[in-house]
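Structure record follows, encoded as structure tokens.
The values are calculated or read from the model by the stated rules, or taken from the named source; none is laboratory data. Predicted, not measured: the structure shown is a model, and the values here were computed from it. For neighbour counting, all protein chains shown are included, and Cβ atoms are generated from backbone atoms with ideal geometry for every residue, glycine included.
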Amino acid sequence: MAKTVVLNRKPLSFSERTYLPQIVTGLKTTFSNMFKPKVTLQYPEEKPVIPNNYRGVPTLVKDPNGREKCVSCQLCEFVCPPKAIRITPGSVPEDQNDREHVEKAPQEFEINMLRCIYCGYCEEVCPEEAIFLQDVYSSSGFTREEMVNNKAKLYELGGTMPDRHYKWDKKKNAESAGNSH
Amino acid sequence: MISPEKEEFVVITLNGTEVEVPNGINAVEAAALHGKEVPHYCYHPKLSIAGNCRMCLVEMGTPMRDRATGEPILEDNGGPKIGWVPKPVIGCATNVSPGMHIRTESDLVNECREGIMEFLLVNHPLDCPICDQAGECRLQEFATDYGRGYSRYIERKNVKPKRTRLGPRVTLDDERCILCSRCIRFSQEVAKDDVLGFVDRGSFSTLTCFPGKELANNYSLNTVDICPVGALTSTDFRFKMRVWFLKESKSICSESSSGCNTLVSSREGVIQRITPRRNDLVNDTWMTDSGRELYKSVQSEDRIRRPSADGSDLPLEDAISRAFETLKEKKLGLVANCRSTLEEQFLTQRLAELTDAKVFIRGHFGEDDGILLSADRTPNLRGALVAGLTNQYPAEHLNELNQSISDGEIDALLVIGEDLLESGITQENLDKISLVFMGTTQNSSSSSANVVLPGLSVFEKSGSFINRSFLLQCFDQAIPGPAGLLSECKILSKLVNLFSNETKVLSELHDVWQAMSSMEDSVLSGIEFSEIKKGAVQLDGSKWKHLSFVEKEALHHKPMDLITA
Amino acid sequence: MMDWIPQGLWFEVCLKVFFAFMMVGAVMTMAGYSVLAERKVSAWMQGRVGPNRTVLPFFEYIPIFGPLLKKLGIFQPLADGLKFLFKEEIVPGHVNKLYYYLAPLIALVPALTTMTVLPFGQIYWNDGTVSTLALADLEVGILFVFAVSSLGVYGIALAGWSSNSKYSFLGGIRSSAQMISYELAMGLSLLPVFLWVCAPGVTESGLSLSAIANSQAGGPWLFLVQPLSALIFLIALFAETNRLPFDMPESETDLVGGFHTEYGSFKFGIFFVAEYAHIVIGSAIFTVIFLGGWHFLPFMNDPWPSNWIGSLLGVGWFLAKTIFLIFFFIWIRWTLPRFRYDQVMHLGWSKLLPLALANLIVYLLIVTAIDQSTSANF
């Protein structure tokens, strides 16, 4: 059982009641602070180090072979809380050899950065690991239209990311291994 | 499903509780009636039983009886001893009988479902991100509800062709097929166009069309609807929109007088697809392919989007008063329409009575396929009869009107939707009269009209139709109409107000219905608006028995002379 | 040295006006740079850098010196001032226009007027006479300072009242209450000082500020002789200048902006300058009375020669002390938390006032005793 300890507050001494020694201590503290190293980051010249799990501007990425990863499943559009994402789905032409099994790809992919709240749900929900919130943290524009990132802009911002699965390539290999018709 | 013949009820024991179900229905339906879901793929209430997916396995048993005496054998606690069938049985092919015991939630059943799911998923591709069925896929639903949650399969999956064209409107993705054969049975039994079958064996089994044939009948898209997975996809809807974005509204197909119940799926005011809605009195769970394409007219090029008078646009209010100016104190004729809703036809009749106008109405006819596409290609011809617009069966042409214009008996005409040149009116006569046109699409009437009042399509307004069996069904607005436009109902009631010099507003549907149901001597008298909102209402059509309706006997429809005979 | 100056009255007036402008210029500049100091010192104490971006054209290209000035933010006050000038003049619709416009002026004028009697150095004439550097070295200098500087509260109270806003109004009310409470303690705290300075045996006497400063030459500074007086005066000075921890009129935390909530652009700038002018003048007066004015260190004679160089060094020394006090104001601001309003009143009436009275009585007795003993010696 917890024991209750009654602490009696000591009456303040005279010097304590004048508060002057304490004020002097405080003055010492603030004065010594003046000579400590500064923490300010001179922003436009110095850039902060962006940690790996930073949630910056959402971007679309390509796989190491330069192929579009997004298949326009529209889950990000669905999950997006502020409804910032707008996808126009489209299909991959049948004769595109490197993406035979994918069939589907976005015709247009727009993220309205005036609406985006950087929550990262889109990255979390993406089954193809095609959308990432990367290290871009500053986006600005003069018009509302400029703040809507279209597909080309998103791929430009996103670049290439390593792929752990090559899901669709596995399918292609399985097919060429010959268990199909 | 519950067939109407089997009204007799039996008592069975479902998961330990005694429940009453209609005699002869199967275990899946019996469980569904009491809120227990038995997952199934190949079973479809409107098709024959195939029993090949094995997903609906349940435990079944009957009370044991002594072979010699026929006395029931009792447990120690006095209850009857149940002889459980040692292995589970498929629910879809097990019809209930008195005293039967069914378990849908036992460990054995759960284990069976888990095993079946695992087998079904062995060769199923991880396609959900690009699969149009995602969101309404039974495989997804049951894998989360009854599956084991992870895969033990490490071998290479089967790869099958992905974009097989089965017909002009249906594309097959072989990999996703779970061989339930619903589509095959549908083609054989409902569409009566036997073109589909399985070829090859084991995990190489593939759905295909018979050589030299294709799935081209007018019901082919129903196979897409009943496909429990994403194997059969609509070529029109393929990759267009994910189903979870779609807002579904109850509607009625306006293609023909069969009155198919439909669901109109739209996103942000744009219709994406039309699918059938189950109604066992009208269309079961089917509809025609041609009916599914009607939504394209909403966005068509020749849609009338702005009111105009003498070729110049003007606000709708002004256009309505211009129409009144054009028509008043003239020898007025009125061309009504069998495609208008019942409410609009009623208001048209009101207008005709007020202005002493002569009413003309024409029919549109085509081939009857004996299923859901009837010979009468208007959804509401019987509505025109009920509203009192005509006593005769409408003919294809309006020769009488042509004659009246030639004779000078009519010098002003209000046309609702119809194309006058096509209806047999000569161009010379058209030029003679002042013409007000109200409709959704441009045609010869609109181009020679003095005032054009744009209307709304069937998807943009609410109303009701009376189908070939005199079933009164209402439909809801699915999408908003073009900005600034009003429904025909509102325009007509404004015209009625202008002609009657009153300010009585009949613009809302329930106001119109109040007026309609308070009419004496009508088959509609006493029918409440709320009543038709709930479901179809059967009207008494015997008053028009003498008319020669063109519809043949078809799904859930018997011509009236056959009923009485 | 200065015998070429014609003795015409007209010329004298012109000279006075010229000196006045010089003085105003100097005080205003110091006020401006106090703002910079405030920003810089705050930044340093909080581990930041402070304003370091403003630079005039071409200055940047001067090697070493240019970037250094830029880094110190030397041009920032100029930019701040221009900003106030070019901002849009917004006058809320609900204010009493006449008093609303008048208030910033009334706040600024007393702050600048007090400096007329402020001595800031000595000038050594060729004939060996020494005169005080001040616009007007009044015999009753300290009374003038008290009389005029207290008028500054009218500006604040007027601003609070004419703004017709509850925040401004509360700010104004608090300000006048605070002013009355601390004015008493301030005056009482100075009485022993003058008693001490005017004691028999001291050659220079009177209420003149220069006399007080000179009385400390070569002897102890008065804050060593009268530490309690110095402390009370300093605390009251903080309260009179509305500095933290006594920022009742502004009270950013509970009154938005206090009396100047409804003010913007240049009118706000005037309040701002007035506040810092108060600080500058206050620091200078404290230096004159308690820190030996322009004289070197306590118990030491001025080490500089008795010519114009000495004058300059004296003025420089005076400025250094004043600047240290300004720094002290800022230093306190970032050390002590602000008082609650009732604590301010409590401190003023039931702590400082009795203390000042007791202090007066004690020194009355001491000074009387010393007087008695010294007069006995005479």
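Summary table below
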| quantity | calculated |
| --- | --- |
| Residue within region B:498-513 that is free of Cβ contacts under 8 Å to residues at least 40 places away in the same chain, touching a Leu at 6+ places or on another chain (Cβ under 8 Å) and more than 30 Å from B:I274 (Cα to Cα) present | no |
| Some residue of region A:24-42 being touching a Lys or Arg at 6+ places or on another chain (Cβ under 6 Å), closer than 24 Å to B:C131 by Cα and part of a loop (DSSP other than H, G, I, E, B) | no |
| Test result for C:A37, out of contact with any Asp or Glu (no Cβ under 9 Å at 6 or more places or on another chain), closer than 21 Å to C:L108 by Cβ and either within 14 Å of chain A (Cβ to nearest Cβ) or not charged (D, E, K, R) (or both) | yes |
| Whichever residue in region B:387-404 is aliphatic (A, V, I, L, M) and surrounded by fewer than 24 Cβ atoms within 10 Å (Cβ to Cβ) and, among such residues, is nearest to B:A191 (Cα to Cα) | B:A395 |
| Selected residue [free of Cβ contacts under 8 Å to residues at least 60 places away in the same chain, within 23 Å of B:P125 (Cα to Cα) and either more than 14 Å from chain B (Cβ to nearest Cβ) or crowded, with 17+ Cβ neighbours inside 10 Å (or both)] from A:C116, A:C70, A:C76, A:C80 | A:C76 |
| Answer residue from region B:494-530, given it is under 23 Å from B:I320 (Cα atoms) and charged (D, E, K, R) and is modelled with the lowest pLDDT among those | B:K504 |
| Some residue of region A:86-94 being surrounded by 10 or more Cβ atoms within 10 Å (Cβ to Cβ), of a type in the set (G, A, S) and touching a strand residue (DSSP E or B) at 6+ places or on another chain (Cβ under 8 Å) | yes |
| Strands (runs of 3 or more DSSP E) within region A:65-147 that include 3 or more residues over 17 Å from B:M241 (Cα atoms) | A:131-133 |
| Residue in region C:153-175 that is small (G, A, S) and closer than 30 Å to C:L224 by Cα present | no |
| Residue selected from region B:286-339 under the condition more than 34 Å from the chain's Cα centre (by Cα) and assigned to a strand (DSSP E or B), by the criterion surrounded by the fewest Cβ atoms within 10 Å (Cβ to Cβ) | B:S312 |
| Residue count for region B:152-175, restricted to those that are within 14 Å of chain A (Cβ to nearest Cβ) and under 27 Å from the mean Cα position of the chain (by Cα) | 4 |
| Qualifying residues in region B:224-254 (those that are within 26 Å of B:T378 (Cα to Cα) and charged (D, E, K, R)) - the one farthest from the other protein chains (Cβ to nearest Cβ) | B:K250 |
| Output for region B:234-253, where each listed residue is surrounded by fewer than 23 Cβ atoms within 10 Å (Cβ to Cβ) and under 19 Å from the mean Cα position of the chain (by Cα) | B:S234, B:D236, B:F237, B:V243, B:L246, B:K247, B:E248, B:S249, B:K250 |
| Total residues in region B:62-80, condition in a loop (DSSP other than H, G, I, E, B) and touching a strand residue (DSSP E or B) at 6+ places or on another chain (Cβ under 6 Å) | 1 |
| Cβ-Cβ under 8 Å pairs, at least 6 apart or on other chains, region C:218-239 side in contact (Cβ under 8 Å) with a residue 12 or more places away in the chain and closer than 21 Å to C:F299 by Cα, far side in a loop (DSSP other than H, G, I, E, B) and among the aromatic types (F, W, Y) | C:G218/C:F299; C:G219/C:F299; C:P220/C:F299 |
| Every residue from region B:176-223 that is within 14 Å of chain A (Cβ to nearest Cβ), on the phi > 0 side of the Ramachandran plot and not acidic (D, E) | B:G202 |
| Residue check for B:G115: over 21 Å from B:E29 (Cα atoms) and over 30 Å from the mean Cα position of the chain (by Cα) | yes |
| Lone qualifier among C:G81, C:G171 - being in contact with a Ser or Thr (Cβ under 9 Å, 6 or more places away or on another chain) and either assigned to a helix (DSSP H, G or I) or under 18 Å from C:S210 (Cα atoms) (or both) | C:G171 |
| Segments classed as strands (runs of 3 or more DSSP E), wholly inside region B:201-270, with at least 1 members that are among the acidic types (D, E) and not assigned by TED's automatic domain parsing to the domain that holds B:K558 | B:247-252 |
| Qualifying residues in region C:232-266 (those that are acidic (D, E) and outside any loop (DSSP other than H, G, I, E, B)) - the one surrounded by the fewest Cβ atoms within 10 Å (Cβ to Cβ) | C:E252 |
| Selected residue [β-branched (V, I, T), closer than 21 Å to B:P129 by Cβ and within 14 Å of chain B (Cβ to nearest Cβ)] from A:T160, A:T88 | A:T88 |
| Matching option when the condition is touching a Phe, Trp or Tyr at 6+ places or on another chain (Cβ under 8 Å) and closer than 16 Å to B:L430 by Cα, among B:L354, B:L372, B:L334 | B:L334 |
| Residue match in region B:139-162 (condition: closer than 30 Å to B:L373 by Cα and at pLDDT 90 or above) | no |
| Out of B:L215, B:L196, B:L179, B:L207, sole residue that is closer than 21 Å to A:E103 by Cα and either of a type in the set (K, R) or more than 20 Å from the chain's Cα centre (by Cα) (or both) | B:L207 |
| Selection within region B:266-282 - surrounded by fewer than 22 Cβ atoms within 10 Å (Cβ to Cβ) and of a type outside the set (D, E, K, R) | B:G269, B:V270, B:Q272, B:T275, B:N279, B:L281 |
| Of residues in region A:122-132 being of a type outside the set (G, A, S) and crowded, with 20+ Cβ neighbours inside 10 Å, the one nearest to the other protein chains (Cβ to nearest Cβ) | A:E128 |
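Residue-by-condition table, conditions (1) under 30 Å from B:R238 (Cα atoms); (2) in contact with a Pro (Cβ under 8 Å, 6 or more places away or on another chain); (3) exposed (fewer than 15 other Cβ atoms within 10 Å of the Cβ); (4) within 14 Å of another protein chain (Cβ to nearest Cβ):
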{"site": "B:N26", "(1), (2), (3), (4)": "no, no, no, no"}
{"site": "B:P45", "(1), (2), (3), (4)": "yes, no, no, no"}
{"site": "B:G51", "(1), (2), (3), (4)": "yes, no, no, no"}
{"site": "B:E71", "(1), (2), (3), (4)": "no, no, yes, no"}
{"site": "B:I82", "(1), (2), (3), (4)": "no, yes, no, no"}
{"site": "B:M100", "(1), (2), (3), (4)": "no, no, no, no"}
{"site": "B:R113", "(1), (2), (3), (4)": "no, yes, no, no"}
{"site": "B:V122", "(1), (2), (3), (4)": "yes, no, yes, yes"}
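Per-residue answers, yes or no, for (1) at pLDDT 90 or above; (2) more than 17 Å from B:T326 (Cα to Cα); (3) assigned by TED's automatic domain parsing to the domain that holds B:V550; (4) under 40 Å from the mean Cα position of the chain (by Cα):
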site	(1), (2), (3), (4)
B:P394	yes, yes, yes, yes
B:L401	yes, yes, yes, yes
B:I416	yes, no, yes, yes
B:L420	yes, yes, yes, yes
B:G424	no, yes, yes, yes
B:K432	no, no, yes, no
